[in-house]
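Undergrad: The following block contains the structure, expressed as structure tokens.
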Amino acid sequence: MPRIDARRLISALSFLFLALFAIGQTASVKGVVTDEVTGEFLPFVSVVVQGAATGTSTDFEGAFELTGLPPGVVNLSFSSVGYKTANRLEIELTPARPAFLTVALEPLTVAVEAAEVVAVTAKGEEEAPVSLRRIGTNEIKRNPGGGRDISKAIRSLPGVAAIPSFRNDIVIRGGAPNENRFYIDGIEIPNINHFQTQGASGGPVGMINVDLVEEVEFYSGAFPATRGNALSSVMEFGFKTARTDEWTSNAVVGTSDLGLTFEGPTGENSSLILSARRSYLQFLFEVLGLPFLPIYNDFQFKWVHQASPNERLTVLGIGAYDDFQLNLAAAEDTSAEDYLDQVAILDALQVNRQWNYALGVKYDRFTENGRWTWVASRNMLSNRAYKHEDNDESLPLTLDYLSQEMENKLRLERRTYGEDGFKMTWGAQYEFARFNNRTVSQRYLFLQDTLVTVDFNSAFDLHKYGAFLQASKPFAEGRVTLSGGLRLDGNEVNAQMANPLRQLSPRVALRWSVAPKVSVNANVGRYFQLPSYLILGYAEGGQRVNQPDARYLRCDQAVLGIRYDWTEKNTTLGLEGFAKGYDGAPVSLASGIALANLGADFGVVGNEAVRFDGVGRAYGMEFLAQRRLYKGVYGLLAYTYVRSEYEFNGEFTPSAWDSRHIVSLTGGAKLKHDWEIGVRWLYSGGLPFTPYDLAISLDQAYWDANNVAQLDYAQLNSGRNDAFSQLDLRIDKKWFFETWSLDVFMDVQNLFGQVADSPDALDVVRDPSTGVPLADPVNPTRYQARYIPLGSGSAIPAVGLIVEL
């Protein structure tokens with residue numbers, strides 16, 4: 001009698017059990033289709049599965065339902081006579097519940113015959129024919145090495161720096177991290193990352209839950225006039241409109257947090273989607289013996305009330321509470337091999353607690369030729385940082401920092417659609433800001449070669465105002481589209497900035513369809529950005545010293561590109577060249593460097609005296625080859641060449657973001673039995689770095705006050721790290737049951753453990769039994785140098801699961 005292998009038997013029975021549930025299961029998708037202009041429901045719209053004969057059409061109320069679909073993902077095409085065809089890609093289907101969509105179709109602006117020779121124009125591309133990319137929610141979720149984080153997912157796109165670090169600093173086309181602006185459904189939010197660097201935009205973990213996101217519009221240039229204060233990018237997040245038929249939920253055990261999401265109807269004409277997440281990184285870090293414990297929490301929601309087809313009220317909010325604690329137990333074992341390194345890190349780190357929120361209300365009123373939009377919002381950030389001597393709370397503070405930023409915003413927009421494809425958006429906005437800053441710290445003034453104590457309390461209110469106009473029109477039977485915009489901004493800080501004509505920012509764009517699938521696109525524009533509140537609020541001797549000479553940072557930009565769109569195969573090829581010129585950048589009076597070089601670390605940027613005469617430039621080119629999901633396969637190749645420089649001592653010097661060459665290659669496939677595999681390879685040229693100033697750093701008075709090395713800004717960015725590359729991998733397996741579904745995934749960052757080049761960190765020689773710095777025996781007023789290697793690399797595996805009910 002043959003011997004039975006029990007393990008194989010159990011495995012086979014388990015597979016059979018799961019397979020029985022999947023046999024014969026089908027899924028469905030339903031939703032509603034409206035007119036983009038009037039908001040009216042559209043009947044008789046054709047809804048077809050891309051590449052298949054399966055389809056249906058909308059009824060008299062614009063509703064549709066498509067049944068009998070296999071579980072997984074599906075691409076749908078929506079078409080109707082007199083309207084542009086809209087494609088919705090990678091809609092997730094499960095037998096547990098129908099997928100729900102809200103789709104708006106835009107009327108055609110040219111005759112059908114003429115449209116056949118016009119390159120495809122997607123929504124928004126009349127105003128921004130270049131530098132606009134769209135990212136779907138499923139592309140974010142499955143991004144290898146991304147951990148369902150939008151800030152990491154966009155690293156696959158051209159123009160975005162692939163910085164080899166654990167942070168989410170968003171660096172676009174050589175610009176600084178503080179040059180980006182973020183919106184959710186047209187409501188501005190100040191930041192999208194936890195543990196944000198105040199005065200910049202980075203942080204280690206994304207704050208937006210991708211389960212609420214429907215699509216992201218990513219502008220790396222050619223910003224619409226409706227969006228001000230941006231120099232490098234504008235990211236428009238579209239949150240899902242919650243389903244109106246039933247309540248559903250999902251739970252996610254991610255790579256670093258736990259999350260719950262709920263959505264469903266709250267009345268006959270309203271619905272709500274909301275989520276909450278909490279990190280568990282602190283437990284993992286404590287087990288690993290790391291010297292810091294990051295804890296983050298976030299909450300977000302969107303409520304929509306559709307009183308009639310012509311009226312829509314949207315209320316949304318997002319908030320976070322972040323606590324960065326020190327793990328003093330990591331340096332208790334004096335016999336540990338890394339004991340002195342742990343002591344050095346704890347000496348340098350500060351305790352940080354942040355909370356922030358953004359709440360907004362948007363009212364859309366549709367008319368026969370467009371819509372009115374009213375937006376009111378409020379956002380606030382509280383940032384607390386402190387440090388005690390020897391990390392002993394019974395000893396005096398060496399750093400005591402508390403800053404709060406609050407903004408109330410009002411915006412009116414009027415969007416109109418005229419004859420022959422003419423479109424125009426105009427409006428105005430008003431903002432009231434309140435800022436306060438309490439700082440006590442010690443700081444080294446590099447140019448004065450002295451260590452000073454900074455101690456001030458500053459607060460101010462600020463009124464800001466702006467107006468904008470954007471218009472576009474097709475010519476030559478739609479082959480050529482011209483777009484122009486104008487924006488004015490001002491505030492009451494000083495007379496120069498109070499005059500909005502000084503911040504007049506024109507822009508013009510051209511799209512020329514040279515063939516049915518080929519277009520040549522161009523844009524030139526002038527853009528302005530207000531200095532951060534930290535800069536405007538810095539005080540010495542009871543006076544806010546930066547305000548009298550403050551001015552907006554100006555950036556002139558030009559972009560030229562050619563693009564090939566093969567929409568039937570979801571394929572795009574593009575080549576763009578760009579040039580950016582900066583004038584009026586804030587420059588530190590203490591170090592003489594442009595603040596644009598900062599922002600890639602925790603803390604704050606701009607809490608110091610500055611002058612406003614910095615000059616910079618960035619230029620380069622981008623190539624994109626992308627195939628969004630088609631017949632189960634997707635891929636994206638992006639190459640960027642970029643130079644980023646700022647004037648220093650009369651010469652252009654590479655900025656901290658001058659990575660030169662950036663390559664991203666992403667691809668994947670959906671396999672049989674609901675398996676999916678994806679890989680991403682990232683390559684980044686080495687970033688510049690500034691060497692340490694040993695003479696200052698090893699001075700006892702300096703080191704005892706700061707516990708970190710001082711950079712030698714006389715040699716600003718004179719060194720350069722070696723290039724870095726890494727391979728990321730993600731594997732998903734899904735099971736679909738009658739009332740729920742399960743997705744188990746494995747995500748591995750840096751699969752082959754590539755080592756990122758970086759200068760060793762400067763520390764001082766310490767007593768091996770206590771970690772206390774030891775004086776140099778030759779010169780007792782100084783310490784001796786000790787270096788901590790930072791060039792290390794390892795694969796970072798993570799396993800997670802998603803349950804949908």
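Undergrad: When you look at G485, is it part of a strand (DSSP E or B), open to solvent by less than 70 Å² (accessible area, probe 1.4 Å), in contact with a Lys or Arg (Cβ under 8 Å, 6 or more places away or on another chain) and closer than 30 Å to I562 by Cβ, yes or no? So that I can check it myself, show each step before the final result.
TA: Values: part of a strand (DSSP E or B): yes; open to solvent by less than 70 Å² (accessible area, probe 1.4 Å): yes; in contact with a Lys or Arg (Cβ under 8 Å, 6 or more places away or on another chain): yes; closer than 30 Å to I562 by Cβ: yes.
Considered against the rule, which asks whether it is part of a strand (DSSP E or B), open to solvent by less than 70 Å² (accessible area, probe 1.4 Å), in contact with a Lys or Arg (Cβ under 8 Å, 6 or more places away or on another chain) and closer than 30 Å to I562 by Cβ, G485 comes out as yes.
Undergrad: I would also like to ask the following. If we scan segment 437-444, do we find a residue that is buried (at least 17 other Cβ atoms within 10 Å of the Cβ) and in contact with a Gly (Cβ under 6 Å, 6 or more places away or on another chain)?
TA: Yes, the conditions are met somewhere in segment 437-444.
Undergrad: What residue, among those in segment 499-516 that are of a type in the set (D, E, K, R) and open to solvent by less than 60 Å² (accessible area, probe 1.4 Å), is farthest from the chain's Cα centre (by Cα)? Talk me through it step by step, then tell me what you get.
TA: If we filter segment 499-516 for residues that are of a type in the set (D, E, K, R), which is where we start, we get 502, 507, 511.
Okay, now just the ones that are also open to solvent by less than 60 Å² (accessible area, probe 1.4 Å), so 507, 511.
Details: R507: 24, R511: 27 Å.
Ranking the qualifying residues of segment 499-516, first place goes to R511.
Residues are listed down the side, and each one gets a yes or a no for (1) of a type in the set (F, W, Y); (2) over 18 Å from V454 (Cβ atoms); (3) within 22 Å of the chain's Cα centre (by Cα):
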| site | (1), (2), (3) |
| --- | --- |
| L573 | no, yes, no |
| K580 | no, yes, yes |
| P586 | no, no, no |
| S591 | no, no, no |
| A594 | no, yes, no |
| V605 | no, no, yes |
| A609 | no, no, no |
| G614 | no, yes, no |
| M621 | no, yes, yes |
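Undergrad: Could you please give the count of residues in segment 679-698 that are surrounded by 22 or more Cβ atoms within 10 Å (Cβ to Cβ), of a type outside the set (G, A, S) and under 30 Å from V633 (Cα atoms)?
TA: Residues in segment 679-698 being surrounded by 22 or more Cβ atoms within 10 Å (Cβ to Cβ), of a type outside the set (G, A, S) and under 30 Å from V633 (Cα atoms): 2 in total.
Undergrad: Which of (1) outside any strand (DSSP E or B); (2) open to solvent by 10 Å² or more (accessible area, probe 1.4 Å); (3) of a type outside the set (A, V, I, L, M) does E188 not meet, given it meets every other one?
TA: Looking at each condition in turn, E188 falls short on (1).
Undergrad: In segment 651-684, which residues are of a type in the set (A, V, I, L, M, F, W, C) and either under 17 Å from Y619 (Cα atoms) or not in a strand (DSSP E or B) (or both)?
TA: Step one: list which residues in segment 651-684 are of a type in the set (A, V, I, L, M, F, W, C), which gives 652, 656-657, 662-663, 665, 669, 671, 675, 677, 679, 681-682.
Those that are of a type in the set (A, V, I, L, M, F, W, C) and either under 17 Å from Y619 (Cα atoms) or not in a strand (DSSP E or B) (or both): F652, A656, W657, I662, V663, L671.
Undergrad: Please find, within segment 342-394, the residue that is farthest from the chain's Cα centre (by Cα) out of those that are among the β-branched types (V, I, T) and in a strand (DSSP E or B). Walk me through it before giving the result.
TA: Just the residues of segment 342-394 that are among the β-branched types (V, I, T), to begin with: 343, 345, 351, 361, 367, 373, 375.
Now restrict to residues that are in a strand (DSSP E or B): 351, 361, 367, 373, 375.
Values: V351: 25, V361: 22, T367: 34, T373: 25, V375: 22 Å.
The residue in question is T367.
Listed here are the residues, each with its yes/no results for (1) in a loop (DSSP other than H, G, I, E, B); (2) within 34 Å of the chain's Cα centre (by Cα); (3) crowded, with 18+ Cβ neighbours inside 10 Å.
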{"residue": "G31", "(1), (2), (3)": "no, yes, yes"}
{"residue": "T34", "(1), (2), (3)": "no, yes, yes"}
{"residue": "T38", "(1), (2), (3)": "yes, yes, yes"}
{"residue": "P43", "(1), (2), (3)": "yes, no, no"}
{"residue": "T56", "(1), (2), (3)": "no, no, no"}
{"residue": "E61", "(1), (2), (3)": "yes, no, no"}
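Undergrad: Starting from segment 251-268, take each residue that is farther than 15 Å from R97 by Cβ and modelled with pLDDT under 90 and list its partners that are among the acidic types (D, E) and surrounded by 21 or more Cβ atoms within 10 Å (Cβ to Cβ), counting only C-beta distances under 8 angstrom and pairs at least six apart or across chains.
TA: T255/D747
Undergrad: Something else now. Collect the residues in segment 580-610 that are more than 27 Å from G541 (Cβ to Cβ) and buried (at least 17 other Cβ atoms within 10 Å of the Cβ), keeping them in residue-number order. Break it down stepwise before answering.
TA: Applying the first criterion (more than 27 Å from G541 (Cβ to Cβ)) to segment 580-610 yields 580-583, 596-597, 599-602.
Result: K580, Y582, A596, N597, G599, A600, F602.
Undergrad: Somewhere in segment 524-535, is a residue part of a strand (DSSP E or B) and of a type in the set (V, I, T)? If you could, list the steps in order and put the result at the bottom.
TA: So the first thing to find is which residues in segment 524-535 are part of a strand (DSSP E or B), and the list is 524-529.
The next check asks that each one be of a type in the set (V, I, T); those that pass are 524.
Yes, some residue in segment 524-535 is part of a strand (DSSP E or B) and of a type in the set (V, I, T).
Undergrad: Within segment 778-796, identify whether any single residue is exposed (fewer than 13 other Cβ atoms within 10 Å of the Cβ), among the aliphatic types (A, V, I, L, M) and more than 30 Å from P98 (Cβ to Cβ), and answer yes or no.
TA: Here is the first cut: in segment 778-796, the ones exposed (fewer than 13 other Cβ atoms within 10 Å of the Cβ) are 778-781, 787, 789-792, 794.
Next, only the ones that are among the aliphatic types (A, V, I, L, M) stay: 778, 790.
Imposing the further condition that a residue be more than 30 Å from P98 (Cβ to Cβ) reduces the set to 778, 790.
Yes: one or more hits.
Undergrad: Let me ask you something else. Going through segment 99-135 one residue at a time, which ones are part of a loop (DSSP other than H, G, I, E, B), at pLDDT 55 or above and of a type in the set (S, T, Y)?
TA: Start the filter on segment 99-135 by keeping residues that are part of a loop (DSSP other than H, G, I, E, B), which leaves 106, 108-111, 116-131.
Those left that are additionally at pLDDT 55 or above: 106, 108-109, 122-131.
Answer for segment 99-135, where residues must be part of a loop (DSSP other than H, G, I, E, B), at pLDDT 55 or above and of a type in the set (S, T, Y): T109, S131.
Undergrad: Just one of the numbered conditions (1) under 21 Å from I593 (Cβ atoms); (2) open to solvent by 40 Å² or more (accessible area, probe 1.4 Å) is not true of Y646; which one?
TA: (2)
Undergrad: Limited to segment 729-754, what total is found for residues that are of a type in the set (S, T, N, Q), in contact (Cβ under 8 Å) with a residue 60 or more places away in the chain and over 13 Å from R148 (Cα atoms)? Talk me through it step by step, then tell me what you get.
TA: Quick first cut of segment 729-754, residues of a type in the set (S, T, N, Q) only: 739, 741, 749-750, 754.
This time we only want the ones that are in contact (Cβ under 8 Å) with a residue 60 or more places away in the chain, so: 739, 741, 749-750.
Keeping just the survivors that are over 13 Å from R148 (Cα atoms) gives 739, 741, 750.
Adding up the residues that qualify gives 3.
Undergrad: Another one. Which ones in segment 211-224 are outside any loop (DSSP other than H, G, I, E, B), out of contact with any Phe, Trp or Tyr (no Cβ under 7 Å at 6 or more places or on another chain) and among the hydrophobic types (A, V, I, L, M, F, W, C)? Spell out the reasoning first.
TA: Taking segment 211-224 first, the residues outside any loop (DSSP other than H, G, I, E, B) are 211-219.
With the extra rule that they be out of contact with any Phe, Trp or Tyr (no Cβ under 7 Å at 6 or more places or on another chain), the set shrinks to 211, 215, 217-219.
Within segment 211-224, just F218 meets the criteria.
Undergrad: Here's a follow-up. I'd like the full set of residues that are at pLDDT 90 or above, within 13 Å of the chain's Cα centre (by Cα) and buried (at least 24 other Cβ atoms within 10 Å of the Cβ), limited to segment 157-172.
TA: Of segment 157-172, the ones at pLDDT 90 or above are 157-160, 171-172.
With the extra rule that they be within 13 Å of the chain's Cα centre (by Cα), the set shrinks to 157, 160, 171-172.
Scanning segment 157-172 gives V160, V171, I172.
Undergrad: Kindly indicate the residue of segment 536-548 that is over 10 Å from V493 (Cβ atoms) and not small (G, A, S) and also least open to solvent (accessible area, probe 1.4 Å) among those meeting that condition. Talk me through it step by step, then tell me what you get.
TA: The initial filter retains those residues of segment 536-548 that are over 10 Å from V493 (Cβ atoms), namely 537-543, 545.
Now restrict to residues that are not small (G, A, S): 538, 540, 543, 545.
Values: Y538: 10, E540: 89, Q543: 120, V545: 54 Å².
So the residue we want is Y538.
Undergrad: Let me ask something else about it. Pull out all pairs, ordered by first then second residue, where Cβ-Cβ is under 6 Å, the residues are six or more apart or on different chains, the first lies in segment 82-107 and is within 13 Å of V37 (Cα to Cα) and open to solvent by 40 Å² or more (accessible area, probe 1.4 Å), and the second is modelled with pLDDT under 90 and outside any loop (DSSP other than H, G, I, E, B).
TA: Every condition considered, the pairs that remain are Y83/P107.
Undergrad: Also, I was wondering about something else. For segment 718-752, enumerate the residues that are over 30 Å from P789 (Cβ atoms) and small (G, A, S).
TA: Across segment 718-752, the qualifying residue is only S741.
Undergrad: Sticking with this structure for a sec: Farther than 23 Å from R167 by Cβ, open to solvent by less than 20 Å² (accessible area, probe 1.4 Å) and at pLDDT below 95, is that true of L624? Working first, answer last.
TA: On the way: farther than 23 Å from R167 by Cβ: yes; open to solvent by less than 20 Å² (accessible area, probe 1.4 Å): yes; at pLDDT below 95: no.
Against the criterion (farther than 23 Å from R167 by Cβ, open to solvent by less than 20 Å² (accessible area, probe 1.4 Å) and at pLDDT below 95), L624 does not qualify.
Undergrad: Can you find a residue that is of a type in the set (S, T, Y) and not in a loop (DSSP other than H, G, I, E, B) anywhere in segment 713-721? I'd like the intermediate steps shown before the answer.
TA: Of all residues in segment 713-721, those of a type in the set (S, T, Y) come to 713, 718.
Adding the requirement that they be not in a loop (DSSP other than H, G, I, E, B) leaves 713.
Yes: one or more hits.
Undergrad: Follow-up question, since we're still on this one. Any residue at all in segment 744-763 that's within 29 Å of T450 (Cβ to Cβ), part of a loop (DSSP other than H, G, I, E, B), out of contact with any Gly (no Cβ under 8 Å at 6 or more places or on another chain) and open to solvent by less than 50 Å² (accessible area, probe 1.4 Å)?
TA: Our first condition is that a residue be within 29 Å of T450 (Cβ to Cβ); within segment 744-763, this holds for 759-763.
Among the residues that remain, those that are also part of a loop (DSSP other than H, G, I, E, B) are: 759-760.
Still in the list and also out of contact with any Gly (no Cβ under 8 Å at 6 or more places or on another chain): none.
Checked segment 744-763: no residue is within 29 Å of T450 (Cβ to Cβ), part of a loop (DSSP other than H, G, I, E, B), out of contact with any Gly (no Cβ under 8 Å at 6 or more places or on another chain) and open to solvent by less than 50 Å² (accessible area, probe 1.4 Å).
Undergrad: Let me ask something additional. Any residue in segment 564-588 that is on the phi > 0 side of the Ramachandran plot sitting within a Cβ distance under 9 Å of a residue that is of a type in the set (S, T, Y) and buried (at least 19 other Cβ atoms within 10 Å of the Cβ)? List the pairs, counting only those 6 or more apart or interchain.
TA: Filtered contacts from segment 564-588: N570/Y634; G584/Y552.
Here is a yes/no grid of residues against (1) farther than 23 Å from A509 by Cα; (2) open to solvent by 10 Å² or more (accessible area, probe 1.4 Å); (3) outside any strand (DSSP E or B):
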{"site": "E139", "(1), (2), (3)": "yes, yes, yes"}
{"site": "G145", "(1), (2), (3)": "yes, no, yes"}
{"site": "G202", "(1), (2), (3)": "yes, no, yes"}
{"site": "T226", "(1), (2), (3)": "no, yes, yes"}
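To keep it simple, each residue is scored yes or no on (1) touching a residue at least 60 places away in the same chain (Cβ under 8 Å); (2) among the aliphatic types (A, V, I, L, M); (3) open to solvent by less than 20 Å² (accessible area, probe 1.4 Å).
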| site | (1), (2), (3) |
| --- | --- |
| L359 | no, yes, no |
| R365 | no, no, no |
| A376 | no, yes, no |
| L381 | yes, yes, yes |
| L410 | no, yes, no |
| R434 | no, no, no |
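Undergrad: If I ask for residues that are part of a strand (DSSP E or B), closer than 30 Å to P158 by Cβ and small (G, A, S), which ones from segment 232-258 would you list?
TA: First, the residues of segment 232-258 that are part of a strand (DSSP E or B): 233-239, 248-253, 257-258.
Then drop every residue that is not closer than 30 Å to P158 by Cβ, which leaves 233-239, 252, 257.
Within segment 232-258, S233, G238 qualify.
The values are calculated or read from the model by the stated rules, or taken from the named source; none is laboratory data. Not measured: the values here are computed from a predicted model. All Cβ positions, glycine included, derive from the backbone under ideal geometry; neighbour counts span all protein chains shown. Please note that ligands, DNA and RNA were not included when accessible areas were found on the heavy atoms of the full protein model with its side chains. Shrake-Rupley method; radii C 1.70, N 1.55, O 1.52, S 1.80 Å.
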